[in-house]
Amino acid sequence: MPPIVSAKAIHKHFGTLHVLKGVDLDVAERELVFVIGPSGSGKSTLLRCLNRLEEPTSGSIVVDSIDMLSPRTDINHARQRIGMVFQSFNLYPHMTALGNVTLALRKVAGKSRAEADVLGRAALERVGLADRAHHRPAELSGGQQQRVAIARSIALEPRVMLFDEPTSALDPELVGSVLAVMRSLRESGMTMIVVSHEMGFARAAADRVVFMDHGLIVEQGPPAQIFESPGQERTRTFIGQIQRH
Amino acid sequence: MEEIVQAFFNREIATEALPIVLQGLLNTVLLSLLVVPLGLLGGLILALLAHSRSPFIRWPLMAWVDFFRAFPPLVLLILLFAGLPFAGLELGGFACVAIAFFLNTGAYYGEILRAGIESIPRGQVEAARSTGLSGLQAMIYIVLPQAVRNVLPDLLSNTLEVVKLTALGSVVAVPELLFQARQAQSVTYNATPIVMAAVIYFLVLWPVVRLLSRLENRALAVRG
Ligand SMILES: Nc1ncnc2c1ncn2[C@@H]1O[C@H](COP(=O)(O)OP(=O)(O)OP(=O)(O)O)[C@@H](O)[C@H]1O
Ligand SMILES: [Mg+2]
């Protein structure tokens, strides 16, 4: 089976800064790929290139057989198939939880308000927040906000979900609830690319760990291999650092 | 004392002038209902264009906004009213007021809305775009509602200024409140109609000023 995400030779420059230096990443359907690496290594930039929030300088990206970088591709249509969850949630503060979840269903997927409400409630149900449908983000805990953000993405039934440090902005006691939702998503067969420092989650749920440094993938493999016996010195140093914390 | 009351607070004259002055009030309200939306529309167009990344749009736009903010609206109005006929274009007072306000107050509304739009974190648009919304949809459903709320006191304050500025219409014979009061004054040889206009302006605008200061206090409380 062809990979559902296939990024080849991705380069990204910000002015003179060369942030991605030829990244290749293939992700199989139902795979959970966990991305780690030092701050500034280009993890976020890579994720943001995959749904073209960031325009790669060169390379090719195919997601679910759609050439993401072709000028003929309807990018707004393509983005429905790629969910994205941000470190800072980025919920719309002027809308209720249900409003957040249903906006794209109505305006992009073209559902009626009634249809969107049904699908939106089902998505909130999946993240355990059916009873918070009419709350504003300000009335929710950080963990609940992030789960609403996940619901906002999965309501569109994406083929792939991108997570950029989804639990980094959360108080420690709220991290578990978000990871639990991510785990249930994984069990439902969702393809996921996760940038995170939650090594416990990686060990339990990841199929593959990718270590990035200075804009390149340095090393990748099953979690046990990368965490226990990394082949590269740089990987070893990094794993050593984060495990001391 | 008696003379002052006669000249400024004359009951008979007031009764006589009331219909004329009220007609002026009605016209001021109508004029405001025209120029405020017009200015807001001009401002919105400017603010959206200011969002553009192209320097070929941004630079002329900045010059435009600076020009009309620096240009005294009275001079602009008279230029349109008394100057354009020399170019063979006679527009009439009402149209000149509408155009002048579109240009002048549009520039102010534009700056306010632009600041509001810039106050919205980038992540909001990114989240919207990541779900497939277009740039325009993200602007309409996500950015503008929050932006307007953030700058509501400034928008209201500018609107107050705009309504006050409608009195400029009197210079080009638009029969708004001040113009009508002046008419009544010249017919009756008495200042009472002007006092009436002043009282009406105050009575109409004072509640807006109160609302504004409550909004401003609330904004301070939220920030603090
Ligand atoms: N919009 C931008 N403009 C200029 N430079 C940028 C931009 N976005 C990212 N960078 C730079 O690109 C490099 C990689 O950033 P990126 O956010 O991808 O790193 P990261 O691996 O996600 O780091 P972190 O773990 O801190 O989130 C950094 O040096 C960063 O400063
Ligand atoms: Mg990052």
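The values are calculated or read from the model by the stated rules, or taken from the named source; none is laboratory data. Computed from a predicted structure; not experimentally measured. Quick reminder, even Gly has a Cβ in these numbers, built from the backbone with ideal geometry, and neighbours come from all protein chains shown. Heads up: the accessible areas ignore ligands, DNA and RNA and are worked out on the full protein's heavy atoms, side chains in. Shrake-Rupley method; radii C 1.70, N 1.55, O 1.52, S 1.80 Å.
What the table below lists for this structure:
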read-out	value
Those residues of segment A:42-62 which are within 13 Å of chain B (Cβ to nearest Cβ) and more than 16 Å from ligand 2 (Cβ to nearest atom), in sequence order	A:Arg52, A:Glu55
Considering residues of segment A:81-111 that are among the polar types (S, T, N, Q) and surrounded by fewer than 23 Cβ atoms within 10 Å (Cβ to Cβ) only, the residue nearest to the other protein chains (Cβ to nearest Cβ)	A:Ser88
Residue count for segment A:125-183, restricted to those that are over 25 Å from A:Glu29 (Cα atoms), away from ligand 1 (no atom under 16 Å from the Cβ) and within 13 Å of chain B (Cβ to nearest Cβ)	4
Residues satisfying the stated conditions in segment A:34-47, i.e. in a helix (DSSP H, G or I) and either open to solvent by 30 Å² or more (accessible area, probe 1.4 Å) or more than 9 Å from ligand 1 (Cβ to nearest atom) (or both)	A:Ser44
Selection count, segment B:131-181, where residues are within 17 Å of A:Pro93 (Cβ to Cβ) and either in a helix (DSSP H, G or I) or of a type in the set (A, V, I, L, M, F, W, C) (or both)	16
Single match in A:Asp74, A:Asp171, A:Asp164 (criterion: in contact with a Phe, Trp or Tyr (Cβ under 8 Å, 6 or more places away or on another chain) and open to solvent by 10 Å² or more (accessible area, probe 1.4 Å))	A:Asp164
Options A:Val108, A:Val118; residue that is more than 16 Å from ligand 2 (Cβ to nearest atom), closer than 15 Å to A:Glu157 by Cβ and free of Cβ contacts under 8 Å to residues at least 24 places away in the same chain	A:Val118
Some residue of segment B:68-82 being in contact with a Cys (Cβ under 7 Å, 6 or more places away or on another chain), away from every other protein chain (no Cβ under 14 Å) and of a type in the set (A, V, I, L, M)	yes
Number of the condition not met by B:Tyr109 [criteria: (1) away from chain A (no Cβ under 14 Å); (2) open to solvent by 20 Å² or more (accessible area, probe 1.4 Å)]	(2)
Qualifying positions in segment B:133-170 - within 14 Å of another protein chain (Cβ to nearest Cβ) and open to solvent by 50 Å² or more (accessible area, probe 1.4 Å)	B:Leu136, B:Ile140, B:Tyr141, B:Val148, B:Arg149, B:Asn150, B:Leu152
Verdict on B:Ala115 being at pLDDT 90 or above, in contact with a Lys or Arg (Cβ under 7 Å, 6 or more places away or on another chain) and in a helix (DSSP H, G or I)	no
Flag for A:Ile217 being buried (at least 22 other Cβ atoms within 10 Å of the Cβ) and not in a helix (DSSP H, G or I)	no
